[in-house]
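Trainee: I have a structure here, written as structure tokens, and I will follow up with some questions on it.
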Amino acid sequence: MLKQLVNEAEFDIRIISQTPMLINGGALEHDVKMSPVRTRRSDREEAYIPGSSAKGVLRSHAERCARTLSGTQPEPGACDPFDTGSCSNRLKSVKSTADSYARACPICKLFGCLSLQSRLLVSDFYAEQPADMANLERRDGVGINRVTGGSSNSALFNLEVAVGGKYSGTIRIRNFEMWQLGLVAFVLRDLKSGGLTFGMAKSRGLGQTTAELRSASIRIYLPGAPEGTIVGLAALGPDFAPYKFSDDPREREGIAADVPSSDDGYGLGSHFIYSDQAAVESLLRSVAPIWPAYIRSREAERS
Ligand SMILES: [Zn+2]
């Protein structure tokens, strides 16, 4: 994608486990079939949420958000990554990155596909304090005989799950269009209110979470960007036309940041800090409407 850094948003998030979670890291003991992925810190093993797993959950939910607005048609909402019409498949012979970006579905523009780098970076999520760590507990599982519908004695198995646990990490978006920040607002809203589940055995109630959006930071590096506003990539100007950035005026002209720009002393660009949950909420509400407007404009273009 672009060789320059234009803008960057980072959200500091705490995911709070509401029901036991099993992000499978493989079995460690012979009688346990599955156990949570874990890492070793301060001389003890603890469960954590790998960034790749968290990103997968966010992507699936973003796809649902897109299909809510646009139905099941692959365009203008989200492609099906497992279908022959997926962006990875459609764009594999396209040479230019600008062209790939212009033709990718909204979800692949943000989360990436084989032809496009992801704009969204998700860190691993770890417990901050020992008190935030999950307890590892065993659960017995019973295999069901597919013919009789009864339990199968040969298929008794043990699972290990992470119980409790508060996990902290960050989501960062680099070089975003404003509608992408809007889409992230919807995904974070649902993450916060408990609409996203992590790991395996979701149908058994595992992996339910809520979240706190603790703070956010937005940097605009573009020289000459209007002061006190958050702008998208379209503010780069006409030289970047091949990327076909959204022509919503809020992309180019930006939206007014409702916090003052803080000068970090380096004199390059603006830095907006949203230091508590209420401020983050206000930011998300201000950018959210740009996302449905973008999908509607794509629909209008195709009809
Ligand atoms: Zn796609």
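Coordinate-derived values only; no laboratory data. Note that the structure is predicted; figures quoted are calculated from it, not measured. Note that each Cβ is placed from the backbone with ideal geometry, even for glycine, and that neighbours are counted across all protein chains shown.
Trainee: With the dipole of the range 245-300 worked out from charges on the C-beta (+1 for Lys and Arg, -1 for Asp and Glu) around the Cα centre, which of 274, 286, 261 lies farthest toward the positive end?
Mentor: Most positive-ward Cα: 286.
Trainee: Go through the range 95-140 and name the trypsin sites (Lys or Arg not before Pro) that are in a DSSP coil and have 10 or fewer other Cβ atoms within 10 Å of their Cβ.
Mentor: Listed in order of number, the matching sites are 95.
Trainee: Is it possible to state the helix-based mean residue ellipticity at 222 nm for the chain, with each DSSP H run of 4+ residues giving -39500 (n - 2.57), the sum divided by total residues, to the nearest 500 deg cm²/dmol? What is it?
Mentor: Calculated at 222 nm, the ellipticity per residue is -8000 deg cm²/dmol.
Trainee: Is the shape of the range 176-284 rounded, prolate or oblate, going by the alpha carbon gyration tensor and its root eigenvalues a ≥ b ≥ c, with a/c under 1.5 for rounded and a/b larger than b/c for prolate?
Mentor: Since a/c reaches 1.5 but b/c is at least a/b, the shape of the range 176-284 is classed as oblate.
Trainee: Which of 55/109; 55/202; 109/202; 3/109 have a Cα-Cα distance over 25 Å?
Mentor: Where the Cα-Cα span goes over 25 Å, the pairs concerned are 109/202.
Trainee: Cross-link partners among lysines for residue 166, C-alpha distance below 17 Å, same-chain residues fewer than 8 apart left out?
Mentor: Counting by Cα, and skipping residues close in sequence, residue 166 has these lysines nearby: 192.
Trainee: Using a Cα-Cα cut-off of under 14 Å, which aspartates and glutamates could be cross-linked to residue 244, ignoring same-chain neighbours fewer than 8 residues away?
Mentor: Result set, ordered by chain and number: 99, 177, 301.
Trainee: What residues qualify as long-range amide H neighbours of residue 257, i.e. H under 5 Å apart, gap of 5 or more or another chain, H built at 1.01 Å from N?
Mentor: Under 5 Å from the amide H of residue 257 lie the amide H atoms of 229, 230, each far enough along the sequence or on another chain.
Trainee: What is the packing order of peptides 188-195, 238-245, 13-20, taking the mean over residues of other C-beta atoms within 10 Å and listing the highest first?
Mentor: 13-20, 188-195, 238-245
Trainee: For a quick check: sort 114, 233, 222 by the number of other beta carbons within 10 angstrom, fewest at the front.
Mentor: 114, 222, 233
Trainee: Could you calculate the contour length gain from residue 131 to residue 293, that is, 0.36 nm times the residue separation minus the distance between their Cα atoms, to one decimal place in nm?
Mentor: That pair, residue 131 and residue 293, stretches by 54.0 nm at full extension.
Trainee: How far is helix 178-193 tilted off the main Cα axis of the chain, in degrees rounded to 10, range 0 to 90?
Mentor: 30
Trainee: Now a separate question. Take the Cα atoms of the chain, build their convex hull, and give its volume per residue in Å³.
Mentor: Taking only Cα atoms, the chain has a hull volume of 169 Å³ per residue.
Trainee: Rounded to the nearest Å, what's the spacing between the alpha carbon centres of the range 23-42 and the range 159-210? Just the number, please.
Mentor: Cα centres, the range 23-42 to the range 159-210: 21 Å.
Trainee: If the cut-off is 14 Å between C-alpha atoms, which aspartates and glutamates fall inside it for residue 33, apart from same-chain ones fewer than 8 positions away?
Mentor: 137, 140, 160
Trainee: Another question about this same structure. Compute the acute angle (0 to 90°) between the alpha-carbon long axis of helix 277-287 and the principal axis of greatest extent of the alpha-carbon atoms of the chain; round to the nearest 10°.
Mentor: Value to nearest ten degrees: 60.
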